[in-house]
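Reviewing the structure listed below.
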Amino acid sequence: MNEPSLSTILPSVRLLLLGYGHVAQAFLQLLASRSDWLSNELGVYPVICGLGTRSRGLYIHPRGFEASFLAQGTDPFQQFIDHGTYVDNAEAFIEGGKALGATLLVELTTLNPQNGQPALSYIRIALQSGLNVITANKGPVAYAQSELQASARHQNVQFRFEATVMDGLPLINLAQFTLQAVGIRSFRALLNTTSNLVLSMIEQGFTRDKAIAKAQELGISEADPWYDLDGWDAVMKTTILANTLLEGQLSPHQVMRQGIRDLAPAEIRAAAQSGTPIRLVSQAHRKLEVPIAEVRPHKIGKDDILLVGKGTTSVISIETEAMGTITLVEHEPTVTQTAYGVLSDLVTILKQKAS
């Protein structure tokens, strides 16, 4: 396949992409499909000038590739291997990309719930180098949100993470830009789509293993699905929300965690048959101005708004001082919704840069 001729009419926005899993591939496809909108509304077209994964290495390319070209190939990574330059560490990848005109790192590597590494180090290096950063990786944000935001402010760049919680639903942006001064008191939520799906399928008579396989088939589970079922994914998201919505400084290890691993199928089915299905609930509230947060299974009452969380549907109910209770529902999201969260952050950064 020949390399495409890049546009000479519009300026490019040059991106570095770390990670090439389901979300990264969906992001490239979405970026390609929305390229006309980006051109018409923002006057730019995106170019990927660096791509890296843990298993295949880190590569940069002086001209870069348009997202549409990478999205249509059977193995876009091979284009970087064949035509790009290999670099042996994250610092060289980021500095080399910056020398090629990259202004933004999109970090989409897999979750490490223990400490957020190595993604946390990648993001630190990028921000300290003066790159804007977008991530869908919950670990770095949960463990170092305040530090990373301070680093971004110091470098006069942006650090955005909309896709870390509830995929593309504009929850983080809603809190940061729309619900200012609303006085958020607490939230209750179903944030982990894998556990929702597994519990729903067990209620219907499927085995746990078949339910997990379905989540993996849909591309919604973590690389290790037990990160979902043991509550780690929900803990990461709960930490991010407690620190964003309730202005906390929590670490994931300060969030009480109980997963659904030890729930017997008979117990799950009996609860559903009685009209009070079990779901993995994330919740946090203020106590003496300090957020208290937990993730654990609860029976959901018949009048509880969280009851809408069936299958892969996510829901959050936010109690506020000025607006009462606000409820947001994301109906059966797929990996495309997560990719849209990344795209929306890109649009936010480009719009603020242009203003």
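Answer yes or no as to whether Glu162 is at pLDDT 95 or above, crowded, with 18+ Cβ neighbours inside 10 Å and under 23 Å from Leu307 (Cα atoms).
On the way: at pLDDT 95 or above: yes; crowded, with 18+ Cβ neighbours inside 10 Å: yes; under 23 Å from Leu307 (Cα atoms): no.
Here the answer is no, as Glu162 does not meet what is asked.
All of Asn115, Asn173, Asn156, Asn132 fail the test of being closer than 23 Å to Thr312 by Cβ and not basic (Lys, Arg), apart from Asn173.
In region 278-326, what count of residues is obtained for those that are closer than 28 Å to Ile212 by Cα and in contact (Cβ under 8 Å) with a residue 12 or more places away in the chain? Even if it seems obvious, please write down each step before you answer.
First, pick out the residues of region 278-326 that are closer than 28 Å to Ile212 by Cα: 278-284, 293-302, 304-317.
Pick out the ones that are also in contact (Cβ under 8 Å) with a residue 12 or more places away in the chain and you get 278-284, 293-302, 305-317.
The number of residues fulfilling the criteria is 30.
Does Val87 satisfy the condition of being under 25 Å from Gln337 (Cβ atoms) and either buried (at least 22 other Cβ atoms within 10 Å of the Cβ) or out of contact with any Lys or Arg (no Cβ under 7 Å at 6 or more places or on another chain) (or both)? Criteria not met by Val87. Looking only at residues of region 195-212 that are among the β-branched types (Val, Ile, Thr) and either touching a strand residue (DSSP E or B) at 6+ places or on another chain (Cβ under 7 Å) or touching a residue at least 40 places away in the same chain (Cβ under 8 Å) (or both), we find that the one that is farthest from Asn243 (Cα to Cα) is Thr207.
Hey, among the residues in region 15-47 that are at pLDDT below 95 and part of a strand (DSSP E or B), which one's surrounded by the most Cβ atoms within 10 Å (Cβ to Cβ)? Filtering first and then ranking leaves Pro46.
Taking Gln114, is it farther than 24 Å from Tyr59 by Cα, out of contact with any Pro (no Cβ under 7 Å at 6 or more places or on another chain) and modelled with pLDDT of 95 or more?
Values: farther than 24 Å from Tyr59 by Cα: yes; out of contact with any Pro (no Cβ under 7 Å at 6 or more places or on another chain): yes; modelled with pLDDT of 95 or more: no.
So Gln114 fails the test.
Would you check which residues across region 224-237 are within 13 Å of the chain's Cα centre (by Cα) and at pLDDT 95 or above and list them? Ala234, Met236, Lys237, listed by residue number. Flag set for Ile278, criterion: touching a Lys or Arg at 6+ places or on another chain (Cβ under 8 Å), under 12 Å from Glu203 (Cβ atoms) and in the same structural domain as Glu247 (by TED's automatic domain parsing).
Only a single item in (1) modelled with pLDDT of 95 or more; (2) closer than 26 Å to Val23 by Cβ; (3) not assigned by TED's automatic domain parsing to the domain that holds Gln128 is not met by Thr193, and it is number (1).
The values are calculated or read from the model by the stated rules, or taken from the named source; none is laboratory data. Here the structure is a predicted model, which means the values were calculated and not measured. Note that we place each Cβ from the backbone using ideal geometry, even for glycine, and neighbour counts take in every protein chain shown.
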